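Working notes, structure below.
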Amino acid sequence: MMRKRARARFCIFGVPAWMLVRLMKQQKRKKAKGDMEKNGRSGLNKKKVSSRTAEEIVEKARAVAEPLCDSTGIELVYVEYQRESKGNILRVFIDKPGGIKLDDCTHVSRQLSDILDVYFETDAPYSLEVSSPGISRPLGKKMDFQRFKGEVATVRTRQPFNGKTKFKGTLMGISGDSVKLMVSEDVIVIPYKNIKKAGLVNYNGDSR
C-alpha cells in the first residue's frame, strides 16, 4: 500500500502551502501549454525571468524557508547561494534541540522545493541542499553573536577593517550595532553591517 507523504502545517494567506503549490503548478502547466501552441515550441524559451543578485536570492529564499521551519519546530540557521564546481547551490542550514536528523533535512527539502518551484525565479539552474550546521556553524543573525558568546569564530568583513577583512577570535557579544571579538589580547569592535560572513570554529553542538 502506498503511503501519502505527510504535509507540513504551513499556510500562505490562510491557504495550506501544498494546496497553493498544486494550484500554481496547474496554472503554470496551462500557461506553458498555451505558449507552446501559440509559438510552436516551448514557451519556456520565451519566458522572461527575473535577474537577482546572490543577496536578493538569499533574502527571497529565507523569507520562504523561515516560516516553514518555524511551523515544524526547526530553526533556520543560515541560507547561502553561491557558484561552485557542480553549479549554483542554494544551501539551507537548519537545527533543533537534540540535533538534526536525516528525516528532518528530507522533510524540509521536499516542502521547500515545492514552494520555491512556485515563488522562486532565477535565470540560472540551481540545486537545493538542506543540511545541519556542522562544526563550522554559520552565524546568520545578529543575536547569534551574543548567543554564542565565548565561542571561537571566524569573521569576514565586506570592507577592510583595521586593514584586514578576515578575523579569528573569541566572541565577546554585541554592543549596539557592533560585534565584539577578542583577537589575541585585543578586543575589536566590528560594525554588524560590515560583516559578510561569520561562523564558529569546531563547535561541539551544545544547545543554546
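All of the numbers you see were taken from the coordinates with simple rules; none came from a lab. All values derive from a computational prediction rather than experimental measurement. A quick note on method: Cβ atoms are made from the backbone with ideal geometry, for glycine too, and the neighbour counts reach across all protein chains shown.
Among residues of the range 81-103 being in contact (Cβ under 8 Å) with a residue 12 or more places away in the chain and out of contact with any Ser or Thr (no Cβ under 8 Å at 6 or more places or on another chain), the one that is surrounded by the most Cβ atoms within 10 Å (Cβ to Cβ) is Y81. For the range 95-113, the criterion of being within 15 Å of the chain's Cα centre (by Cα) and assigned to a strand (DSSP E or B) is satisfied by at least one residue. For beta carbons closer than 7 Å, sequence separation of 6+ or different chains, a first residue in the range 138-152 that is β-branched (V, I, T) and a second that is in a loop (DSSP other than H, G, I, E, B) and surrounded by 14 or more Cβ atoms within 10 Å (Cβ to Cβ), the qualifying pairs are V152/V201.
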